[in-house]
Amino acid sequence: MSASQALRHRVPPWAVDAGLVALAVVDAWLNLFDEGTPLVWSCVAIGSAGLFLRRRFPLAVFLLTLPMTVFMDVAVAPIAALYTLATATRDRRLLVGCALLHAAAGTLAWPLPETFTGDRTWTLIQFVYTLATAIAPVLCGQLVQARHDVARQLTEVEEVREHERVLHAQTVLARERAQLAREMHDVVSHQVSLIAVQAGALQVASADPDTREAARTIRSLSVNTLDELRHMVTLLRASGGKETELAPQPTLADLQRLIANSGIETTLTGKLPPDISTTAQRTVYRTVQEALTNVRKHAPGATAEVRLWHDTDHYGVTIANTAPIRPAVSLPSSRQGLIGLQERAELLHGTLTAAPTPQGGYEVALRAPARPD
């Protein structure tokens, strides 16, 4: 804040107006001395006192100062009134007319007939001089008005930028939450569900009571963990958006390791084009991972086939499993796996289908265009 702004904030407006009224009276008194008539002093009183209302009625106050200008060479009252009017109005024609009116009133002499009997050249010079004097406060007032406009616009621009920063931060947060929910489901739930399935199998197969109890505890803790993860994923997805950027996770090169660690008898056939994007590779990987996780959870003992394929216009992956050979272990489900896969497919302008097969198994198929529009 500048020194002038600080001073303006410290001095109340009524004090400034009172000072202007006092200066206007002193200015008139110095011009009149003891020669003023009651009419003239009445004009001085009305024009000077009107400065108290200059902020509310700038045009009316300016007109009240014109009689003073006719009777004497005053400067404070008309200049203050012109300045206030210039800061309050955007009508340039009105300002020009007021400046001309002030110059005309300042050029007139009292009594009026003396104005037209004297040297007309000097009258014209005096008119031009008075007009230049009137233009100065008008220009200053317009500059102050422009400065206020610029300051207001800068404030509005800053508010818009702040609003945009808040929206951007919210968008980033929503994207991170959705991405975290997706990766939590795809990675953490994948591992915990495998632990639960293996612990359940150990509990059934072991003959040692201690081992069975330990396996039961592990399975119980895993189920509770999956249930907590389900709530966390639901909360994160509720506050996240759909269009999230996928993190640089696994690619097609990791499919063999994923299948080997899945705990399911799975065959991998076919291949994909070597030039597909890393986003597409991650989507294929996550589709296979989610499908195999569902096979472990809902189709114990089933075998699976992962088939990669591509043609001129499309590519994709199909994961099909046989019917289960024993009852499935009851595990909590977040119901977000296929939703996440559908979102990933949409990012590739593709489609994801999931449906039971006539043989009692299940099939998940991803299909995406090779050159998305």
Legend entry - Residues of the stretch 282-326 that turn out to be polar (S, T, N, Q) and surrounded by fewer than 19 Cβ atoms within 10 Å (Cβ to Cβ), as a count: 3
Legend entry - Number of the condition not met by residue 79 [criteria: (1) surrounded by fewer than 21 Cβ atoms within 10 Å (Cβ to Cβ); (2) under 49 Å from the mean Cα position of the chain (by Cα); (3) touching a residue at least 24 places away in the same chain (Cβ under 8 Å)]: (1)
Legend entry - Qualifying positions in the stretch 40-59 - in contact (Cβ under 8 Å) with a residue 24 or more places away in the chain and part of a helix (DSSP H, G or I): 40, 43, 44, 47, 48, 49, 50, 51, 52, 58, 59
Inset, instruction - Output the qualifying pairs, or none if there are none: Cβ atoms under 9 angstrom, residues six or more apart or on different chains, first residue in the stretch 133-150 and surrounded by 17 or more Cβ atoms within 10 Å (Cβ to Cβ), second residue at pLDDT below 85 and not in a helix (DSSP H, G or I). - result: 133/75
Inset, instruction - Please indicate, with yes or no, whether at least one residue in the stretch 90-100 is modelled with pLDDT under 90, over 18 Å from residue 65 (Cα atoms), within 60 Å of the chain's Cα centre (by Cα) and part of a helix (DSSP H, G or I). - result: yes
Inset, instruction - Can you tell me which residue within the stretch 353-373, out of those that are in contact with a Ser or Thr (Cβ under 7 Å, 6 or more places away or on another chain) and assigned to a strand (DSSP E or B), is surrounded by the most Cβ atoms within 10 Å (Cβ to Cβ)? - result: 366
Legend entry - Residues of the stretch 13-39 that turn out to be touching a residue at least 12 places away in the same chain (Cβ under 8 Å), closer than 26 Å to residue 91 by Cα and surrounded by 13 or more Cβ atoms within 10 Å (Cβ to Cβ), as a count: 2
Inset, instruction - Run residue 332 past the list (1) in a loop (DSSP other than H, G, I, E, B); (2) modelled with pLDDT of 95 or more and report the number of the one that doesn't hold. - result: (2)
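The values are calculated or read from the model by the stated rules, or taken from the named source; none is laboratory data. Everything numeric here is computed off the predicted structure, so don't read it as measured data. We place every Cβ from the backbone using ideal geometry, glycine too, and count neighbours over all the protein chains shown.
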